[in-house]
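Since the structure comes first, as structure tokens, the remarks are kept for the end.
The values are calculated or read from the model by the stated rules, or taken from the named source; none is laboratory data. In this text, all values refer to a predicted model and were calculated from it rather than measured experimentally. Positions of Cβ are backbone-derived with ideal geometry, glycine not excepted, and every protein chain shown enters the neighbour counts.
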Amino acid sequence: MKLRIGIQKSGRLHEDSMKLLKECGIDVSNGVNKLKTEASNFPLEVFFFRDDDIPQYVEDGVADIGIVGENVVYEKNKKITVVEKLGFGKCRLSVAVSRNDDYDGPRFLEGKRIATTYPVLVDRFLKEQNVTAEIHEISGSVEIAPGIGLADAICDLVSSGSTLFMNGLKEVQPILQSQAVLIRNSGLSDAQMAILQKLLFRIQSVKKARNNKYILLNAPNDRLDEIIGLLPGMKSPTVLPLAEKGWSSVHSVVNENEFWDIIEKLKEAGAQGILVVPIEKMII
Ligand code: ATP
Ligand code: ZN
């Protein structure tokens, strides 16, 4: 019994998807030019597809699971189950208009022509906003549509906004925040679910590790309580005596988001020689 996963053949999600499998300890030779490859140390077959096709293939059972952007999942609207957010491929689907336009809310779009590759999501947004507009579905280079007189506005994926800027456009209205997700066929067998659970456990350990750092520091014993109070740790920090009298070494785990805040406070509390190192896996 093997689980078949569909990932993007090439493009923005390909490398991060391969990296995630690798960090899960799954050995997959990079077969970019092939249709599929097999993991040597985990019951997994990897298929390489165009990202747009992945929801359909997972619904049909051509693949059991897949990695694809939420933007594609919600646009395609297939009967599949979203299992886990993966934390990469982050972008947003946004409405953009000409830099000279005064956008004053969704009303601006009334009666306008909007070019997009996401007609389903745009239509849903317009309905929610009670706005009637013409949706022009085009398949690529959406950002040039206003410049050539094909549309008054566009709705496209944005991460930095530089493509919009280069085309004289500005982002005015995000309609969906997106990241890569793991999806599965809705009718997997018990044996397939068991493999998925194993994979999911590894993915969650990798995700936790990415969000946390291991921190080591030296603390004067007379301020140890204060310093320990600043460190959450997995259970509680490890404290070891240093060779130098009156000092201890403290080890703990801190969350990436609270990281700089904690470092500041640790320094104020007299911590020295602070080392921060990445964590490879985290199992709690
Ligand atoms: P394919 O040949 O597989 O159809 P594609 O050209 O449709 O590829 P990519 O541009 O590689 O797709 O984007 C794949 C996914 O990466 C998007 O659907 C989206 O989820 C994510 N992504 C992240 N940032 C961006 C961005 N700035 N622009 C476009 N997609 C992004
Ligand atoms: Zn695509």
- Message: So, in the stretch 232-284, how many residues would count as being under 32 Å from the mean Cα position of the chain (by Cα) and among the small types (Gly, Ala, Ser)?
- Response: 3
- Item | Close pairs (6 angstrom Cβ cut-off, 6 or more residues apart or separate chains): farther than 16 Å from residue 109 by Cβ in the stretch 146-163, of a type in the set (A, V, I, L, M, F, W, C) and within 16 Å of ligand 2 (Cβ to nearest atom) anywhere | 157/91; 157/93; 159/91
- Hey, does the stretch 120-134 have a residue that's touching a residue at least 40 places away in the same chain (Cβ under 8 Å), assigned to a loop (DSSP other than H, G, I, E, B) and not assigned by TED's automatic domain parsing to the domain that holds residue 81? no
- Mind telling me which of the residues 5, 26 ends up being away from ligand 2 (no atom under 16 Å from the Cβ), in a loop (DSSP other than H, G, I, E, B) and either under 16 Å from residue 64 (Cβ atoms) or modelled with pLDDT of 95 or more (or both)? 26
- Message: Any residue that is away from ligand 2 (no atom under 16 Å from the Cβ), over 23 Å from residue 123 (Cβ atoms) and buried (at least 18 other Cβ atoms within 10 Å of the Cβ) - is there at least one of those in the stretch 45-59?
- Response: yes
- Message: Take the conditions modelled with pLDDT under 95 and out of contact with any Pro (no Cβ under 8 Å at 6 or more places or on another chain) and apply them to residue 184. Does it pass?
- Response: no
- Message: Taking the conditions exactly as written (in the same structural domain as residue 25 (by TED's automatic domain parsing), in a strand (DSSP E or B) and among the β-branched types (Val, Ile, Thr)), does residue 183 satisfy them or not?
- Response: yes
- Task: Provide a single number: the residues in the stretch 156-180 that are assigned to a strand (DSSP E or B) and under 20 Å from the mean Cα position of the chain (by Cα).
- Result: 9
- Message: With outside the structural domain of residue 151 (by TED's automatic domain parsing), near ligand 1 (Cβ under 10 Å from one of its atoms), touching a strand residue (DSSP E or B) at 6+ places or on another chain (Cβ under 7 Å) and in a strand (DSSP E or B) as the only criterion, which of 46, 73, 68 stands out?
- Response: 68
